[in-house]
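Engineer: Next up is a structure, given as structure tokens.
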């Protein structure tokens, strides 16, 4: 199992434990009667908070795995001299460098370009290579954008493409687009933790988790294939 697949499996297991807690609380509240932990009487308000936590947790899986993906791609590419990179790979590395100097004055930007040029002229592998995440909260759109910039082969089979299509139950967003928006609403205070999932059942959240994790698994496969096949190296 690769580092990326292991990371996803670990995060998936953690989420399963979290979901099990939510279901246990839901069942206990459904049975009725006094339910408490110590002196704290558990109510539907506690379940609502746990459900919102599941949304934040699920998004955390997307963010953590994709952040690790960027790191792993960088580690793989950095052992190859820039002179052997594909044009797409070189552009993505330069994109990161360009961003680091975008807020500086003319001399600062010149210094950034100068350092980048020196690294390329040495014709040696670049240490601590970093790629830049596309702007925006992680979603299927952002993941696809990053894959296209690097020329990663990431195609969805019809069944998963259908699951990932925009849907009225997700506010005419894709599942990951909905997840990103709802997570932001909770995390940034537009929705409280108690109100964050008022319109979602535990089954709704589980369904969202299933398609999200399935999609992220396919993304991991695609980027891992890019690394394993060294598609960042230009054809001779």
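Engineer: Do the conditions hold for residue 7, that is, is it in a helix (DSSP H, G or I) and exposed (fewer than 13 other Cβ atoms within 10 Å of the Cβ)?
Structural biologist: Considered against the rule, which asks whether it is in a helix (DSSP H, G or I) and exposed (fewer than 13 other Cβ atoms within 10 Å of the Cβ), residue 7 comes out as no.
Engineer: Now for a different question. Suppose we keep only residues that are in contact (Cβ under 8 Å) with a residue 40 or more places away in the chain and more than 20 Å from the chain's Cα centre (by Cα) within the range 10-37. Which one would you say is surrounded by the fewest Cβ atoms within 10 Å (Cβ to Cβ)?
Structural biologist: 23
Engineer: Taking the criterion of being within 19 Å of residue 137 (Cα to Cα), at pLDDT 95 or above and out of contact with any helix residue (DSSP H, G or I) (no Cβ under 8 Å at 6 or more places or on another chain), would at least one residue in the range 56-65 satisfy it?
Structural biologist: Scanning the range 56-65 turns up at least one residue that is within 19 Å of residue 137 (Cα to Cα), at pLDDT 95 or above and out of contact with any helix residue (DSSP H, G or I) (no Cβ under 8 Å at 6 or more places or on another chain).
Engineer: Taking the range 44-97 only, how many residues are outside any helix (DSSP H, G or I) and buried (at least 20 other Cβ atoms within 10 Å of the Cβ)?
Structural biologist: Result for the range 44-97: 0.
Engineer: Taking the range 117-139 as the search range and keeping residues that are assigned to a helix (DSSP H, G or I) and free of Cβ contacts under 8 Å to residues at least 24 places away in the same chain, which one is nearest to residue 197 (Cα to Cα)?
Structural biologist: The selected residue is 117.
Engineer: Tell me which residues, restricted to the range 199-210, are surrounded by fewer than 17 Cβ atoms within 10 Å (Cβ to Cβ) and closer than 17 Å to residue 165 by Cα.
Structural biologist: Listed by number, the residues that qualify are 204, 207, 210.
Engineer: So residue 194 clears everything in (1) without any contact (Cβ under 8 Å) to a residue 12 or more places away in the chain; (2) over 30 Å from residue 85 (Cβ atoms) except one condition, right? Which one?
Structural biologist: Of the numbered conditions (1) without any contact (Cβ under 8 Å) to a residue 12 or more places away in the chain; (2) over 30 Å from residue 85 (Cβ atoms), the odd one out for residue 194 is (1).
Engineer: Looking at the structure I just gave you, is residue 182 more than 27 Å from residue 88 (Cα to Cα) and crowded, with 18+ Cβ neighbours inside 10 Å?
Structural biologist: yes
Engineer: Could you tell me which numbered condition residue 177 fails, if it satisfies all but one of (1) without any contact (Cβ under 8 Å) to a residue 12 or more places away in the chain; (2) farther than 25 Å from residue 20 by Cβ?
Structural biologist: The failed condition is (1).
The values are calculated or read from the model by the stated rules, or taken from the named source; none is laboratory data. Keep in mind that what you see is a predicted model, and the values were worked out from it rather than measured. Positions of Cβ are generated from backbone atoms using ideal geometry, with glycine treated the same way; all protein chains shown enter the neighbour counts.
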